[in-house]
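Engineer: Next up is a structure, given as structure tokens.
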Amino acid sequence: MKNSSNKKLTLTVGITTCYGEESILNTVKSIRASKGVDKNFHFILIADRVPIKSSVKKELKKYNVRLFENKVEGSQFKKKKQILALTDTDLIIFTNDDVLFDQNTLKTVIKEFQKKQKITLISVNNQPMESNSLVERAINVGTNIVNRIAKQWNKGDNYLSIIGRFEATRTIWIKRYFQLKDDVVSSDQYMYFENKKYGGVYKYLPTVSVYFRNPQSLKEHLRKSSRFQHAKAEMSKYFGYISSEYKIPRLIFFKAIIGEFLSNPIFFIFYIMISLYTRFFRLPPKESLNPNWQVDTSTKKVLIDSK
């Protein structure tokens, strides 16, 4: 991608949501609190399913968020394409309604795009919040294992490191090459492989994070886990035979497992039990691979002071 390293890159942040409750304001506030960036960056929110309350709309205006509410419910990619159509900035960052941003995340990502002009896609660390919930703390162990693997495997260039909660790309690149299909469920993995398909350069930045909550119930986690377990088969429909992309090096895998066990032995055992449960009772693809999936409400409870 050609642009001067001295050029100040413009930014749009886009949120897609189907859960129009007050909790989304915590996400918006954390993003607007970002340090070291132009405070006038564009901010777009596309919502459907649950109408946005009037009180929330007033607050969104205060934070200069452009809100668009769809009467017909659509997938994440359908809403992301709407955001793209409204975007003419150099960079675009897609995120969700259930995260809090590290104050340095935007600044660090923009700087990386500025320094390395060949980079076309960036994601960051997916950091679970601390919790008093037994189920959530056990599931956090699984996220920690994935983060350990993502960081060490191929210097961060792998499908585990990209997260739907944070996908940053050059607007001209995604508009020119990406085909965002409305029926895609594993949208983060799709973005990773689509970027790779067209020769894009991906970068994982583990030094900055978005914070989120894992499910606090087994029922919610089962839905989420089932989608992830079927992702390889789903991606094969779009990208052909990609089994090699899913083969985690054994040494890296065992190091991550051992490292997390030594750090958190009690909840590691609970995590193994939950992991076995989600594999034994895995939902079938027809039920779990729905682009308009059911909301995991317990993950929406993000608070500024809970990081």
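The values are calculated or read from the model by the stated rules, or taken from the named source; none is laboratory data. All values reported here derive from a predicted model rather than from experimental measurement. Every residue, glycine among them, receives a Cβ derived from its backbone with ideal geometry; neighbour counts consider all protein chains shown.
Engineer: So in the range 192-205, with the set limited to residues that are more than 11 Å from residue 173 (Cβ to Cβ) and either modelled with pLDDT under 95 or charged (D, E, K, R) (or both), which one is surrounded by the most Cβ atoms within 10 Å (Cβ to Cβ)?
Structural biologist: First, the residues of the range 192-205 that are more than 11 Å from residue 173 (Cβ to Cβ): 192-193, 196-197, 202-205.
Right, trim to either modelled with pLDDT under 95 or charged (D, E, K, R) (or both) and you get 196-197, 203.
Details: 196: 18, 197: 14, 203: 20.
Of everything passing the filter in the range 192-205, 203 is surrounded by the most Cβ atoms within 10 Å (Cβ to Cβ).
Engineer: Still on this structure: Hey, can you tell me all the residues within the range 28-55 that are surrounded by 20 or more Cβ atoms within 10 Å (Cβ to Cβ), at pLDDT below 95 and not in a loop (DSSP other than H, G, I, E, B)?
Structural biologist: 47
Engineer: Please specify each residue of the range 237-251 satisfying the condition of being more than 21 Å from the chain's Cα centre (by Cα) and of a type in the set (Ser, Thr, Tyr). Break it down into steps so the answer makes sense when it comes.
Structural biologist: Keep residues of the range 237-251 that are more than 21 Å from the chain's Cα centre (by Cα), which gives 237, 240-244, 247, 249-251.
Scanning the range 237-251 gives 241, 243, 244.
Engineer: Follow-up. Given the conditions (1) assigned to a loop (DSSP other than H, G, I, E, B); (2) among the hydrophobic types (A, V, I, L, M, F, W, C); (3) in contact (Cβ under 8 Å) with a residue 40 or more places away in the chain, report the number of the one that residue 83 does not fulfil.
Structural biologist: (1)
Engineer: Moving on. Tell me, please, whether a residue that is closer than 30 Å to residue 246 by Cα and either in contact with a Leu (Cβ under 9 Å, 6 or more places away or on another chain) or small (Gly, Ala, Ser) (or both) can be found in the range 52-75. Step through it out loud before you land on a result.
Structural biologist: Residues of the range 52-75 closer than 30 Å to residue 246 by Cα: 74-75.
Right, trim to either in contact with a Leu (Cβ under 9 Å, 6 or more places away or on another chain) or small (Gly, Ala, Ser) (or both) and you get 74-75.
Yes, the range 52-75 has at least one match.
Engineer: Applying the selection to the range 145-191, what residues are among the small types (Gly, Ala, Ser) and at pLDDT 95 or above? Step through it out loud before you land on a result.
Structural biologist: Step one: list which residues in the range 145-191 are among the small types (Gly, Ala, Ser), which gives 150, 156, 161, 164, 168, 186-187.
If the condition is that a residue be among the small types (Gly, Ala, Ser) and at pLDDT 95 or above, then 150, 156, 161, 168 are the ones that fit.
Engineer: Something else: Kindly indicate the residue of the range 207-244 that is among the charged types (D, E, K, R) and surrounded by fewer than 14 Cβ atoms within 10 Å (Cβ to Cβ) and also nearest to residue 181 (Cα to Cα) among those meeting that condition. Spell out how you get there, then give the answer.
Structural biologist: We begin by selecting, within the range 207-244, every residue among the charged types (D, E, K, R); these are 213, 219-220, 223-224, 227, 232, 234, 237.
Going one step further and asking which of them are surrounded by fewer than 14 Cβ atoms within 10 Å (Cβ to Cβ), we end up with 219, 237.
Values: 219: 28, 237: 12 Å.
Residue satisfying both the conditions and the ranking: 237.
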